[in-house]
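Enquirer: Below is one structure. I have some questions about it.
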Amino acid sequence: MTRHFPRQLAWACGLVMAAAFLPVSGRAAKPALRQITTIATIAVPASAFDLVTGQAEVTVPGGIVMQVDSSSSWKMQVRATSATFTYLTAPGTGKPKPVAELQLRPAGGGTASVISTSYRTITSSSKTTGWDDYAFDLILQVTSADAGGLYSVTLEFNVY
Amino acid sequence: MKTKNLFFPLVMYALCGTSLSLAQTTKQVTVNASVAEMLSLTVDATSVTLAFVAADYDANTGLATKTAAKATTFSVSANRAWKLTVRPGDQYFTFTPLGTAQDPRKPVSALATRTGVTAYAPFSGITDIPVATGTGGGYSKTGNIIPVDYQMTSALATDPPGAYVLTLTYTLAAQ
């Protein structure tokens, strides 16, 4: 009896620890996230500007696609890793463009979330049927204070 | 012997743990925005006429001056600093006589422009004359609507009757 105890204990510990992470048919209890989009591009042509106000708003439908796999309810959040865009054309020059001029919303409609450096919930759902796609529209506002050129910002998505 | 018995259960946990660690919950996406340079110039009229009549001429000097206030209004919309300039298409007016008069080769210096209440600036050959400057903004921004006045002089001694035409080219450029 004493001779078999360590092996039985090891089995029990292994199964309990494994079961804690794989409760239902091998899927993770915690939602898992993976990305289809790694780089999203927004083009703002000169024709997009309102000549009277000097402002433009450009929407890229489904510009970002993520995938979620979850066996339970989950929420997705997004934040920017910096408060302003990086002006790649001439770094350090011009007026810093705030990330608040970028919004995300579930593709096709829904409430748009203004991007900031704090996490904002952009969508949520119940358990998925596998790796389900979740697409988001990108909405960028441009003012006449934004010089022509290339702006960049990194968004961080999180599911829980 | 005991070590061997423990090996398989622990390997099983290790494998499960490894597969679970691949299910990350945070991902990063780079968003690049390409903003075009925008410089837009519009004008409300492309033709200005200054009609001299006999009564315009000073009976003693034979000189006349005619003005056309706010004859053309330019509207600028841009997302960077800009400057507006104007340049005559030739050193002389094109002349179409009323009758058989010869072309007097009237110089462009007989025409001057201004914006606002500044002094008139006469043209001088085929060179640019600054009209206005500004920074980014649409038409609604103060200074982006630019009315232009024109003033022309004529002399009975040198200008035979006829039509004098000069083409002016306005150019909006980034500063």
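What follows draws every value from the coordinates through simple rules; no lab data is involved. This is a predicted model, so every value here is computed, not measured. So basically every Cβ, Gly included, is an ideal-geometry build from the backbone, and we count neighbours across all protein chains shown.
Enquirer: Using modelled amide H (1.01 Å from N, peptide plane; none on Pro or chain starts), what sits under 5 Å from the amide H of B:Phe74, excluding residues fewer than 5 places away?
Expert: B:Ile146, B:Val148
Enquirer: Relative contact order, percent, of chain B when contacts are C-alpha pairs under 8 Å separated by at least 6 residues?
Expert: In percent, rounded to a whole number, it is 29.
Enquirer: With each pseudo-label sitting 7 Å past Cα toward Cβ, what's the B:Thr73-A:Glu156 distance in nm, one decimal?
Expert: About 5.2 nm, to one decimal.
Enquirer: Just add up the charged neighbours of B:Ile129: K/R +1, D/E -1, any other residue whose Cβ is under 14 Å from the Cβ of B:Ile129.
Expert: Summing Lys/Arg as +1 and Asp/Glu as -1 gives +1.
Enquirer: Quick one: which of A:Lys75/A:Lys95; B:Lys83/B:Lys141; A:Lys95/B:Lys27; B:Lys66/B:Lys141; A:Lys75/A:Lys97 span more than 23 angstrom between C-alpha atoms?
Expert: From the list (A:Lys75/A:Lys95; B:Lys83/B:Lys141; A:Lys95/B:Lys27; B:Lys66/B:Lys141; A:Lys75/A:Lys97), the Cα-Cα distance tops 23 Å for A:Lys75/A:Lys95; A:Lys95/B:Lys27; B:Lys66/B:Lys141; A:Lys75/A:Lys97.
Enquirer: Angle, helix B:2-21 long axis vs. longest principal axis of chain B, Cα atoms, 0 to 90°, nearest 10?
Expert: The helix B:2-21 is inclined about 20 degrees to chain B.
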